[in-house]
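Here the structure is laid out as structure tokens; the discussion comes afterwards.
The values are calculated or read from the model by the stated rules, or taken from the named source; none is laboratory data. Given the structure is predicted, the values throughout are model-derived calculations rather than measurements. Please note: Cβ atoms are built from the backbone with ideal geometry, for glycine as well, and neighbour counts cover all protein chains shown.
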Amino acid sequence: MPDTRKRELGVCYYPEHWPEDGWIDDARRMAEAGLSWVRIGEFAWSRLEPQPGQLDFAWLDRAIETLGQAGLKVILGTPTATPPRWMLTKHPDMLAVDENGHPRGFGSRRHYCFSHDGYLEDCRCIVTLLAERYGSNPHVVAWQTDNEYGCHDTAISYSDAARRGFQDWCAQTYQSPDALNRAWGNVFWSMEYTDFSEIELPNLTVTQPNPSHVLAFRRYSSDQVVRFNRAQAEILRRHSQAPLIHNYMCRVLSFDHFDVAADLDIASWDSYPLGYLLDRLDASEDDQERYLRQGHPDAQAFHHDLYRSVGQGRLWVMEQQPGPVNWAGWNLAPLDGMPRLWAWEAFAHGAEAVCYFRWRQAPFAQEQMHAGLLRPDGKDAPAIGEAAEVARELVEMPDAGTAKAQVALVFDYPSSWAWDALPQGADFTYFGLVFDTYKALRRAGLSVDILPSDVGTLEGYKLVFVPGLLALSNPLEKALKTFSGTAVLGPRTNSKTEDFTIPTPMPPNLPSLDCTVARVESLPPFSTVPLENGGEFIRWFEDLEGSADVSKKTDDGRPAMMSSGKMHYLAGWPDEKAFDALVTDFCKSEGIATLVLPEGLRVRDTDTHRFMFNYAPEPVTFDGVTLEPAAVHWQPI
């Protein structure tokens, strides 16, 4: 049966920022624009508890009732991303500490360390009060925990609380200093410990810290985010049946989102295509110029697919860019039509709700230059018309669903931490390798499912890519052994142990594939490895040996890919031309139809419709349909 859930629009609203006599009119206008959801409360702790134990929920009661009476459904956020000033007086050591040992102080947001037990206990208190008061409120139909974990590089803290917590984590994980020393290879450079209390955090070292130490600390730091979120989720579960959500971000890889999501019901993310193009994606200058007012044609889709996987099939966009943002180096206005396109692209990838950020542009503080659906004076901003247009269109096509793809891509957060700890090449990033793979699949007109690294079955897929995975999990290794389709692994896949040492047998040690990585080299931007029949490897190349078939070669005859049946290991990072050829060949071998798309056009197939999105700054024609810039077209399959 096709998966169908109703598609709806929403908005983020801050009643505490505006005179109360305007709330009714705001709610009326939201409903008239076709909005269904309103997120509130996630930054309001100082108004809910102005002083320790001095509580004021009356204004929030009235705000929720006002929105509910207008027919709007409330997503209530817990306010723990913005602890009030008195909290710092109560817990002077609660601040996160950066890698250079500097406290990250009060005056903006996210000024807390996940490892601080005292702050966590105060968070439990405010969440309990909210849950008890609003858990059965008929207008509170969903909850958001905190806001944007990891934003502003806040998932990792080098505080005293983190040091003590990490020492305890190491003791529980390794049980003895000798076992830790063996796992990390601490005999090297006389780094051995005799007691867990001797272990410091992997910063402020003379030169590079042990990557095993770094990776262990990254695992610990991720576990602290999970602990923090779980504490809130457990309280909310006791008092409410409403779904629990967190809003993740673009290319924030500092904690394991799959682990956090295990305690939640829905994964959402905050989509700011123009800011991310310039700020997060390592996009080329040509791509930045071409897509300056549209966003990268694959970035939103990648994160929709990733977070649909994180949410085990349930995806929202909690914040959708409506106009210029305030936080990028340069903040452009989107091309007319893009706020509509971005919303429909999210729905095509399975989103149940898309909420624009924000209702009215703030006239004060750090985000006063961030556009909303309304201007600061309450007049309509350009995007409200596009939101209303999407709302009208949703009446004709209200159900969300996304067909299972034929192609899958495995994604793993610890692999990102590992290659950050020891990149071996200045421009080698796990995200970059995975995103290049995804872009190649999208250029071929393919829909893609993103899978976690502990996936236990690949049934239903014909083609699976596993690039740059630190270590194969037991479930994935078993799934690959029984997989009847084509599997493409590498480069750098299964090249380390979980503790970040080179394993024996040597990598990649894949089932049914006699192939060994004998040597690796990282390639500077001015050096490449040309491939036979066109294209080249960039950034990374591995010398392969073994008895498996050499299925692709470099220009000078070295193995570029080794294969056994449908199992393939790739020796380098393909450039765009090489990636396109590989995808075409693999799809042909599996009978997967590919498309030749105009530059900037992207396609997504749902259970019932094919959607086309024109990210190009010029009109494009495909399959007899001409799309203007920023146009969306859908047709039944």
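Summary table below
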item: Among the candidates P574, P511, P524, residue that is touching a helix residue (DSSP H, G or I) at 6+ places or on another chain (Cβ under 8 Å) and surrounded by fewer than 22 Cβ atoms within 10 Å (Cβ to Cβ); result: P511
item: Some residue of segment 140-152 being of a type outside the set (A, V, I, L, M, F, W, C) and outside any loop (DSSP other than H, G, I, E, B); result: yes
item: Identity of the residue in segment 132-175, aromatic (F, W, Y) and within 27 Å of the chain's Cα centre (by Cα), that ends up surrounded by the most Cβ atoms within 10 Å (Cβ to Cβ); result: W143
item: Search result, residues across segment 236-266 that are farther than 18 Å from G313 by Cβ and among the aromatic types (F, W, Y); result: F255
item: Residues within segment 173-197 that are part of a loop (DSSP other than H, G, I, E, B) and under 17 Å from P211 (Cβ atoms), tallied; result: 6
item: Any chance N229 is under 17 Å from the mean Cα position of the chain (by Cα) and farther than 17 Å from S309 by Cα; result: yes
item: Evaluation of K462 against (1) crowded, with 19+ Cβ neighbours inside 10 Å; (2) farther than 25 Å from W540 by Cα; (3) touching a Lys or Arg at 6+ places or on another chain (Cβ under 8 Å) (one fails), failing number; result: (3)
item: Answer from T608, T594, T584 - the residue that is over 28 Å from G401 (Cβ atoms), surrounded by fewer than 20 Cβ atoms within 10 Å (Cβ to Cβ) and under 28 Å from the mean Cα position of the chain (by Cα); result: T584
item: Any helices (runs of 4 or more DSSP H) falling wholly within segment 400-516 and containing at least 3 residues that are within 25 Å of S547 (Cβ to Cβ); result: 474-482
item: V395 touching a strand residue (DSSP E or B) at 6+ places or on another chain (Cβ under 7 Å) and either within 30 Å of S36 (Cα to Cα) or buried (at least 20 other Cβ atoms within 10 Å of the Cβ) (or both); result: no
item: Subset tally (residues that are of a type in the set (S, T, N, Q) and assigned to a helix (DSSP H, G or I)) for segment 44-83; result: 3
item: Criterion (crowded, with 20+ Cβ neighbours inside 10 Å and touching an Asp or Glu at 6+ places or on another chain (Cβ under 7 Å)) met by exactly one of S221, S212; result: S212
item: Condition met for D178 (more than 30 Å from the chain's Cα centre (by Cα) and acidic (D, E)); result: yes
item: Selection within segment 509-563 - farther than 21 Å from D580 by Cα, touching a residue at least 60 places away in the same chain (Cβ under 8 Å) and aliphatic (A, V, I, L, M); result: V520
item: In segment 177-200, the residues that are of a type in the set (S, T, N, Q), surrounded by fewer than 14 Cβ atoms within 10 Å (Cβ to Cβ) and closer than 22 Å to P503 by Cα; result: S190
item: Qualifying position, being free of Cβ contacts under 8 Å to residues at least 60 places away in the same chain and surrounded by fewer than 20 Cβ atoms within 10 Å (Cβ to Cβ), among L88, L129; result: L88
item: Candidates G350, G372, G323, filtered to the one that is at pLDDT 95 or above and under 18 Å from I75 (Cβ atoms); result: G372
item: Residue satisfying condition, being surrounded by 19 or more Cβ atoms within 10 Å (Cβ to Cβ) and within 22 Å of L597 (Cβ to Cβ), within set V434, V410; result: V434
item: Residue count for segment 359-379, restricted to those that are outside any loop (DSSP other than H, G, I, E, B) and under 23 Å from the mean Cα position of the chain (by Cα); result: 0
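Okay, residues lined up against (1) of a type in the set (S, T, N, Q); (2) under 18 Å from A131 (Cα atoms):
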{"site": "R29", "(1), (2)": "no, no"}
{"site": "A33", "(1), (2)": "no, no"}
{"site": "Q51", "(1), (2)": "yes, no"}
{"site": "L55", "(1), (2)": "no, yes"}
{"site": "A70", "(1), (2)": "no, no"}
{"site": "H91", "(1), (2)": "no, no"}
{"site": "M94", "(1), (2)": "no, no"}
